[in-house]
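J.: For reference, the structure I am asking about is given below.
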Amino acid sequence: MNWRLMTILVKKILGTPFKPAKRGASGELVFKKPVLWIVLVIGGCLAGWLALVMSLMTESSPDEEQLVYLLAVIAVGFTLFLPGVLSFKAEAGESSIKVRRWNGRRMLKYEEITSVEHTRFFGGQFILKSPRGTIRLSEHMTGIAELISLLSARIGDQSCTQANVALAKRKADFESY
């Protein structure tokens, strides 16, 4: 295995949050799912369904039925992730953060946000909490460190402690490669 290639790939993935965020027409920060994640989900969806169809078209022994069930679970699993990956978009403007997903939109004003927490579920997410609800943002998005910095300045460092600790750990991992 080519370890140099693997190191470059891991470094690219770990460094994504620390790159500058993309800007919209009026200067707002714009966040989308990483291209690698989109490619993996679409590729997994296509490969899962193709493998399932091919295995159903051929005669299979009873021993291979478990493989067919596994392929079905993989295909359905990737298909369930597809709408969320393709429809996600977040914008952080002057006074609020807006998130669009396949199941609706949500907006929180900065002064409403009480804390920014971190969880390792679904590959790592930052959870922006307020009395009106929560917004979940992937830690793998380009420029997410810039958003956490902005939130720390707006709502205070004590409210973003978990998020800053998670980013510091990720930065240390990035720099160790």
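The values are calculated or read from the model by the stated rules, or taken from the named source; none is laboratory data. Being a predicted model, the structure only gives us computed values, none of them experimental. Note that each Cβ is placed from the backbone with ideal geometry, even for glycine, and that neighbours are counted across all protein chains shown. In case anyone asks, the SASA skips ligands and DNA or RNA and just uses the protein heavy atoms, side chains included. Shrake-Rupley method; radii C 1.70, N 1.55, O 1.52, S 1.80 Å.
J.: Can you tell me which residue within the range 68-92, out of those that are in contact with a strand residue (DSSP E or B) (Cβ under 8 Å, 6 or more places away or on another chain) and surrounded by fewer than 16 Cβ atoms within 10 Å (Cβ to Cβ), is nearest to I155 (Cα to Cα)?
T.: K89
J.: Which residue pairs have Cβ atoms closer than 6 Å, lie 6 or more positions apart in sequence or on different chains, and pair a first residue in the range 52-69 that is in contact (Cβ under 8 Å) with a residue 12 or more places away in the chain with a second residue that is among the polar types (S, T, N, Q)?
T.: That search, which allows pairs on different chains as well, returns V68/S55.
J.: What is the number of the single condition among (1) in a helix (DSSP H, G or I); (2) at pLDDT 80 or above that G27 does not meet?
T.: With respect to (1) in a helix (DSSP H, G or I); (2) at pLDDT 80 or above, G27 is out only on (1).
J.: Got a sec? Which of V39, V76, V10 is within 30 Å of I148 (Cβ to Cβ) and at pLDDT 85 or above?
T.: V39
J.: Right, another one. From the list I97, I135, I148, which one is touching a helix residue (DSSP H, G or I) at 6+ places or on another chain (Cβ under 6 Å) and touching a residue at least 24 places away in the same chain (Cβ under 8 Å)?
T.: Result: I148 is the single residue among I97, I135, I148 that is touching a helix residue (DSSP H, G or I) at 6+ places or on another chain (Cβ under 6 Å) and touching a residue at least 24 places away in the same chain (Cβ under 8 Å).
J.: Considering only residues that are open to solvent by 10 Å² or more (accessible area, probe 1.4 Å) and either in contact (Cβ under 8 Å) with a residue 24 or more places away in the chain or hydrophobic (A, V, I, L, M, F, W, C) (or both), look in the range 119-132 and name the one that is farthest from K32 (Cα to Cα).
T.: Checked the range 119-132; the qualifying residue farthest from K32 (Cα to Cα) is R132.
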